[in-house]
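The values are calculated or read from the model by the stated rules, or taken from the named source; none is laboratory data. Because the structure is a prediction, the values reported are computed rather than measured. Cβ: placed from backbone, ideal geometry, glycine included. Neighbour counts: every protein chain shown. Each accessible area value is taken on the protein alone, full model and side chains, heavy atoms only, with ligands, DNA and RNA left out. Shrake-Rupley method; radii C 1.70, N 1.55, O 1.52, S 1.80 Å.
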Amino acid sequence: MFNKTHIIVSAKAEGDIKDMCLQVLAQIEHGNILKISFFHKAQNNEEYLYNNAILKSTVQEFYTDNAPLVSYIAQESHTQKLIAEVTFLIDENITIERHRNFTLLKKGECTELITGGIIPDDLSQNTYRQANSIFKGIEKMLATNGFEPSDIYRQWNYIQGITMLNDDSQNYQEFNDARSLFYNKSQWTNGYPAATGIGADAGGVVVEICAIKNSAPSLTIDNPLQTAAHNYSQKVLDGKIITEVGERTTPKFERARLLGNTIFISGTAAIKGEQSIKSHNAVEQTADTMEIMDRLVSKENIPTENNGSTYDLLRIYVKNREDIEGIKNFMETHYPSAKKHYLIADVCRPELLVEIEGIAHI
């Protein structure tokens, strides 16, 4: 993997989407910027598509030939302004090939592919069909560039109305079924990607991936406190069975992956074994979530020789805005050195109030 770093930038004042985008871009120092992930609320799909187009065109005009990838996620930041997570390439002497919705990084035999936010052609379709259309596009993108689906090491899945039921069919389960069909086309001999599945206000389904080939081994990291998500029982899966799938399929991801000295931590919530922890207090759930995550990245649990790890970047997804202050106080007190931002987003189970993902380094 090629070494990267991240910064978090917020618009200085509220305004229209283009004005706030320009405020963000003006604060980003020059360098090899690979991707800018924007987070801002959208009231509906029409507004989402408008904002997405404005953000992409503004970034393109600002950077011209070296424009980074853009993702737009319809999640409100805790500041209620436009917030951006910016990914920079640190390594030098890397060939960067920029395409419309993906970028290739090359050095020697190693090639890495990263995408911006991939959205479906038709937001009026159900979650299952939206996800299928996205995965068909990803399959073609990967194959064209010599990748297999099993080369994906990190994936983000943003799902509008993630826990909503439509005719007894749950949006998150529909997404998982579509992902399973896509993944079944590859041999996953080295485990699944690290991944996040989280709610969004609008935009249907949005997917981002990172894939790599001919690199140092990518190692899965299991959590002794949690059942692997892809081994969940039917008891914790929700919604009716899609006829063409034949069963409710499990979420196909690992709790984390280690690539080089970087740990990619999947979306983590207050789940032990496969059951949600019985607390209705958001701060208590946050403490439980971080206990689980700390165990995941502990020196003893990392599958290679190491001297421990430190968190670099944490995204904290909070279901209810009124819980942010307490959660933020907890996180800033106990994890002051990590870069953090807080987003309003629904979580994949109705009883869960917070989910956290991140990047750590050994």
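Some observations on this one:
- Any hit, region 184-193, residues being surrounded by fewer than 24 Cβ atoms within 10 Å (Cβ to Cβ), in a loop (DSSP other than H, G, I, E, B) and among the basic types (Lys, Arg): yes
- Of all residues in region 305-321, those satisfying the criterion of being over 16 Å from the mean Cα position of the chain (by Cα) and over 19 Å from Ala270 (Cα atoms) are Glu305, Asn306, Asn307, Gly308, Ser309, Thr310.
- Scan of region 206-218 for residues that are under 12 Å from the mean Cα position of the chain (by Cα) and of a type outside the set (D, E, K, R), ordered by number: Val206, Val207, Ile209, Cys210
- The sole residue among Lys240, Lys213 that is at pLDDT 95 or above and open to solvent by 30 Å² or more (accessible area, probe 1.4 Å) is Lys213.
- For region 7-17, the criterion of being of a type in the set (Ser, Thr, Tyr) and out of contact with any Ser or Thr (no Cβ under 9 Å at 6 or more places or on another chain) is met by none of the residues.
- Of all residues in region 1-17 being touching a strand residue (DSSP E or B) at 6+ places or on another chain (Cβ under 7 Å) and farther than 14 Å from Glu85 by Cα, the one that is most open to solvent (accessible area, probe 1.4 Å): Met1
- Residues in region 264-292 that are in contact (Cβ under 8 Å) with a residue 24 or more places away in the chain and among the β-branched types (Val, Ile, Thr): Ile265, Thr268, Ile271, Val283, Thr286, Thr289, Ile292.
- Unmet requirement for Lys107, which otherwise passes all of (1) in contact (Cβ under 8 Å) with a residue 24 or more places away in the chain; (2) closer than 25 Å to Ile159 by Cα: (2)
- Ser150 passes every criterion in (1) in a strand (DSSP E or B); (2) open to solvent by 10 Å² or more (accessible area, probe 1.4 Å); (3) over 26 Å from Ala270 (Cα atoms) apart from (1).
Yes/no matrix, rows are residues, columns are (1) under 15 Å from the mean Cα position of the chain (by Cα); (2) closer than 24 Å to Ile344 by Cβ:
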position: Phe39; (1), (2): yes, yes
position: Ala42; (1), (2): no, yes
position: Tyr50; (1), (2): no, yes
position: Thr58; (1), (2): no, yes
position: Asn66; (1), (2): no, no
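- Region 74-104, residues that are charged (D, E, K, R) and either under 30 Å from Glu322 (Cβ atoms) or without any contact (Cβ under 8 Å) to a residue 24 or more places away in the chain (or both): Glu76, Lys81, Glu85, Glu92, Glu97, Arg100
- Residues in region 348-362 that are crowded, with 23+ Cβ neighbours inside 10 Å and not acidic (Asp, Glu) were compared, and the one that is farthest from Lys278 (Cα to Cα) is Ala360.
- Failed item in (1) surrounded by 20 or more Cβ atoms within 10 Å (Cβ to Cβ); (2) out of contact with any Leu (no Cβ under 8 Å at 6 or more places or on another chain), with Ile271 passing the rest: (2)
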